[in-house]
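Participant: Below is the structure I would like to discuss, written out as structure tokens.
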Amino acid sequence: MKDQRKVRDVVFAGIDFEGAGAQRGKEDWPVQIGMATWSLDKGHGDFYVSFLEQDGEVDWYAKKIHGIDVGHLSGAPSLISLWPEVNGRLGGEAVPVAHAKGTEKRFLRKFPGNPFDPWVDTLLLARAAMPDQKKHSLGALCEELGLGEKVKELVPERDWHDALFDAVASLVLLEWMIHKYGLQDLPLWSLVAPNTGAWYRLRKAMS
């Protein structure tokens, strides 16, 4: 059954993982988790970030992107031990938010039978709202729209490819789109399954 709550009544829970990078013959694993919440009523808050227990080597390219190496992971908790933190933000009535949610959903499978559904994917939402935009990566969109400084004000001394910074950025982008396009009184499902047809048509015409 589709969630018929209005956007204005929902608490959105942003989440982002930074990964170790998929090395040949091995699966990627998370090295950092960042979470935060936002709602029209209460604004931004509930910030949480943690490095995660080492489960292999960190790929050189991943390390180049996010700057996290095994030295940061010494003594860090396992992801499974953070269930109270994760469920406290993403469980219940909250709606999880991520930019290109595939990685986040994959890492969260660590929690068998987790109830995190439905998701709002700000990548899909941005493609539906702004199909003409040349780049739809989280950093490119936020910088183009002038949102980067707000993210830095909310989580100072952090930057792109930090899990908390990117989780908050996805919420700031969501907030901007909701206000820009007047989505406050739409049902939540309109954000969960946006129509990206215009974006796909443009990409096909360009190929």
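Since every read-out is calculated from the coordinates, none of them should be taken as a lab result. Computed from a predicted model, the values in this text were never measured in an experiment. When we count neighbours, we look across all protein chains shown, and the Cβ atoms used for this are built from the backbone with ideal geometry, even at glycine.
Participant: Go through the residues of the stretch 105-119 one by one and say whether even a single one is touching an Asp or Glu at 6+ places or on another chain (Cβ under 9 Å), farther than 20 Å from Gly19 by Cβ and among the charged types (D, E, K, R).
Facilitator: no
Participant: If you don't mind, there's one more thing I want to ask. Among the listed residues Asp41, Asp16, Asp9, which satisfies the condition of being closer than 27 Å to Glu175 by Cα, under 18 Å from the mean Cα position of the chain (by Cα) and among the charged types (D, E, K, R)?
Facilitator: It is Asp16.
Participant: If I ask for residues that are polar (S, T, N, Q) and touching a residue at least 40 places away in the same chain (Cβ under 8 Å), which ones from the stretch 25-84 would you list?
Facilitator: Gln32, Thr37
Participant: Still on this structure, I have one more. Between a first residue in the stretch 95-116 that is closer than 19 Å to Leu171 by Cα and a second residue that is among the β-branched types (Val, Ile, Thr) and assigned to a loop (DSSP other than H, G, I, E, B), which pairs have beta carbons less than 7 Å apart while being 6 or more apart in sequence or on different chains?
Facilitator: Val95/Val10
Participant: On to the next question. For the stretch 132-141, does any single residue satisfy the condition of being surrounded by fewer than 14 Cβ atoms within 10 Å (Cβ to Cβ) and in contact (Cβ under 8 Å) with a residue 40 or more places away in the chain?
Facilitator: Yes, because at least one residue in the stretch 132-141 is surrounded by fewer than 14 Cβ atoms within 10 Å (Cβ to Cβ) and in contact (Cβ under 8 Å) with a residue 40 or more places away in the chain.
Participant: I'd like to verify a number: residues in the stretch 113-134 that are under 23 Å from Gly34 (Cβ atoms) and not in a helix (DSSP H, G or I), how many?
Facilitator: Count: 8.
Participant: While we're on this one: Scan the stretch 144-153 and give yes if some residue there is crowded, with 20+ Cβ neighbours inside 10 Å and under 15 Å from the mean Cα position of the chain (by Cα), otherwise no.
Facilitator: Let us first name the residues in the stretch 144-153 that are crowded, with 20+ Cβ neighbours inside 10 Å, namely 151.
Right, trim to under 15 Å from the mean Cα position of the chain (by Cα) and you get 151.
Yes: the stretch 144-153 contains one or more residues that are crowded, with 20+ Cβ neighbours inside 10 Å and under 15 Å from the mean Cα position of the chain (by Cα).
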